[in-house]
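A short reminder: the numbers here are calculations on the coordinates, not readings from a lab. Owing to the predicted nature of the structure, the values given are computational and were not obtained by experimental measurement. Positions of Cβ are backbone-derived with ideal geometry, glycine not excepted, and every protein chain shown enters the neighbour counts.
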Amino acid sequence: METKLRESDTPGCISVSLVVGQYSVANAIIDELPSHWWVSRVFVKQGYRRRGFGSRCLKRAIELVRKQNAKPIIVMPGGYDIPFEVQQSFYRHHGFMGDEEMKLVE
């Protein structure tokens with residue numbers, strides 16, 4: 001299965017999608033706010049989860065954010081159809097610390 005990353009680096013918003021064939025199956029979006037960056041979305045379509053696709057998108061989005069500036073990156077897990085604890089574990093795996101509001105520790 002061939003995959004590729006599609007990136008959009010516009011002022012105030014970083015978006016990375018993973019494409020399988022011709023379909024986007026995962027994405028990570030990080031928005032810039034005045035005092036920090038906000039992970040507004042990391043999503044992987046059902047049937048494509050647990051394959052590292054969300055991790056690839058998030059890692060690349062963080063790399064692109066860091067090229068712009070060193071403001072903190074924050075996320076609040078929740079929503080979607082994935083349990084809070086699973087989301088929290090995912091973000092911890094990627095270096096985020098905290099409980100409900102998690103900050104990337106580098």
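A P(r) calculated from all alpha carbon pairs of the chain, with 10 Å bins opening at zero, reads 15, 50, 31, 4 percent. Can you compute the charge dipole magnitude of region 36-106 about its Cα centre, using +1 on each Lys and Arg Cβ and -1 on each Asp and Glu Cβ, nothing else charged? Give it in debye, rounded to the nearest 20. For this selection, approximately 500 debye.
Region 83-104 to region 1-79: how many Å between their Cα centroids? Cα centroid of region 83-104 versus Cα centroid of region 1-79: 15 Å apart.
Between the residues Ala61, Tyr91, Gly12, the greatest Cα displacement towards the positive end of the dipole of region 3-104, with unit charges on the Cβ of Lys, Arg, Asp and Glu, is found for Ala61. Projecting the Cα atoms of Pro34, Gln46, Val75 onto the charge dipole of region 3-104 (Cβ charges, centred on the Cα centre) puts Gln46 farthest toward the positive pole.
Our coupling estimate for region 97-106, obtained by passing each phi through the Karplus curve with A = 6.51, B = -1.76, C = 1.60 and θ = phi - 60°, is 10, x, 9, 7, 9, 10, 10, 5, 9, 10 Hz, Gly and Pro reported as x.
Computed on the chain, with alpha-carbon pairs under 8 angstrom and 6+ residues apart, the relative contact order is 19 percent. In the frame of its principal axes, region 1-53 has Cα extents of 39, 19, 13 Å, reported largest first.
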